[in-house]
1. Pick from the range 31-40 the residues that are in contact with a Phe, Trp or Tyr (Cβ under 7 Å, 6 or more places away or on another chain) and at pLDDT below 95: which of them is most open to solvent (accessible area, probe 1.4 Å)?
2. Have a look at Ala192, Ala188, Ala236 and point out the one that is among the aliphatic types (A, V, I, L, M), touching a helix residue (DSSP H, G or I) at 6+ places or on another chain (Cβ under 6 Å) and touching a residue at least 24 places away in the same chain (Cβ under 8 Å).
3. Would you list the strands (runs of 3 or more DSSP E) that sit entirely within the range 18-119 and hold 3 or more residues that are farther than 29 Å from Ser235 by Cβ and out of contact with any Pro (no Cβ under 7 Å at 6 or more places or on another chain)?
4. With respect to Val96, is the statement that it is under 30 Å from Thr209 (Cα atoms) and open to solvent by less than 60 Å² (accessible area, probe 1.4 Å) true?
5. Which residue pairs have Cβ atoms under 6 Å apart, sit 6 or more places apart or on different chains, and have a first residue in the range 126-154 that is hydrophobic (A, V, I, L, M, F, W, C) and a second that is part of a strand (DSSP E or B) and surrounded by fewer than 14 Cβ atoms within 10 Å (Cβ to Cβ)?
6. Just checking, how many residues over the range 41-90 are farther than 29 Å from Leu179 by Cβ, open to solvent by 80 Å² or more (accessible area, probe 1.4 Å) and not aromatic (Phe, Trp, Tyr)?
7. Of the residues Gly146, Gly138, which single one is farther than 15 Å from Phe64 by Cβ, open to solvent by 40 Å² or more (accessible area, probe 1.4 Å) and of a type in the set (Gly, Ala, Ser)?
8. Restricting to the range 201-243, what's the tally of residues that are under 19 Å from Gln104 (Cβ atoms), open to solvent by less than 80 Å² (accessible area, probe 1.4 Å) and over 20 Å from the mean Cα position of the chain (by Cα)?
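The values are calculated or read from the model by the stated rules, or taken from the named source; none is laboratory data. Everything numeric in this text was worked out from a predicted model, so none of it was measured. Neighbour counts run over all protein chains shown; Cβ positions are idealised from the backbone, glycine included. When the accessible area is computed, the model is the full protein with side chains, heavy atoms only, and any ligands, DNA or RNA have been set aside. Shrake-Rupley method; radii C 1.70, N 1.55, O 1.52, S 1.80 Å.
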Amino acid sequence: MKKIALLLCFVFSGLAQAQTFHAAVRVEFEKVVYVRQQMKELAGDWYDMVKDRVPVTAISYYEFIGDTTKSLFRQTKEAVIPQNMWYEGMGEKNVVYNDYSSGQTITQKQVAEETFLINDSLTKIRWKYTNDTRTIAGYDCRKAIGFIDDTVAVFAFYTDEILINGGPESIHGLPGMVLGLGVPRLHASWFATRVETSGFSTASLTPATKGKKVTRSGMMATLDNVLKNWGKYGSAMRLNFVL
């Protein structure tokens, strides 16, 4: 029995030494919007007339830089759209600064010709854990399902090897970094393609400063006032600014 106990101690000691935890990272994300699926929902009866004028997908690129106290998420490269096609993303240029220590966020959002600067508490997300797993950018991740405003479901894959409870856009609140995210109602996904744990600094991270200063509810109220007569199309557009 003593030999078995000693062997188990060596095994668990080796496993503990093999797993490395990171408190600061720079992550490159690839965002894919399934444009034709999105357009089918937005355009309704007009879809067959416009579908050949929009790309099947639009791929853009983002970076997340942060530590356990704060993070910044922003676009680094816009989607390249084929000639003779049209696509104007919604929420593509969000700049999200999260302060995890204070529970606050400062988020810059561009809505049509208006730029908003939201200063509010971190987005409220109700999480449910699952046993599903997958490997993303070399990290073992566990799947969780989140609900925003009890209406928008998000599917997140997080790793506890990165000690930051943030992720792409305004996603947060899990016991580790979110490296994969899917939002079916937005026909979009965000997945990490590269994770760096050194060679960068988080000391100078600062939020965006330009835009009309509002709360989250204030921005959504303004948006609702503009879209109230747009019916189903307006409701579908609204969802793109929830994150």
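1. Our first condition is that a residue be in contact with a Phe, Trp or Tyr (Cβ under 7 Å, 6 or more places away or on another chain); within the range 31-40, this holds for 31, 35, 39-40.
The next check asks that each one be at pLDDT below 95; those that pass are 35, 39-40.
Details: Val35: 1, Met39: 30, Lys40: 125 Å².
Of everything passing the filter in the range 31-40, Lys40 is most open to solvent (accessible area, probe 1.4 Å).
2. Working: Ala192 fails: touching a helix residue (DSSP H, G or I) at 6+ places or on another chain (Cβ under 6 Å); Ala188 fails: touching a helix residue (DSSP H, G or I) at 6+ places or on another chain (Cβ under 6 Å).
Of Ala192, Ala188, Ala236, the one residue that is among the aliphatic types (A, V, I, L, M), touching a helix residue (DSSP H, G or I) at 6+ places or on another chain (Cβ under 6 Å) and touching a residue at least 24 places away in the same chain (Cβ under 8 Å) is Ala236.
3. Details: elements: 24-33, 58-67, 70-77, 95-99, 104-111.
Counting at least 3 such residues, we get 24-33, 58-67, 70-77.
4. On the way: under 30 Å from Thr209 (Cα atoms): yes; open to solvent by less than 60 Å² (accessible area, probe 1.4 Å): yes.
When the stated conditions are applied, Val96 passes them.
5. What qualifies is Cys141/Arg134; Ala144/Tyr129; Ile145/Lys128; Phe147/Arg126.
6. The qualifying residues number 7.
7. Values: Gly146 fails: open to solvent by 40 Å² or more (accessible area, probe 1.4 Å).
Gly138 is the lone residue from the list that is farther than 15 Å from Phe64 by Cβ, open to solvent by 40 Å² or more (accessible area, probe 1.4 Å) and of a type in the set (Gly, Ala, Ser).
8. Selection size over the range 201-243: 3.
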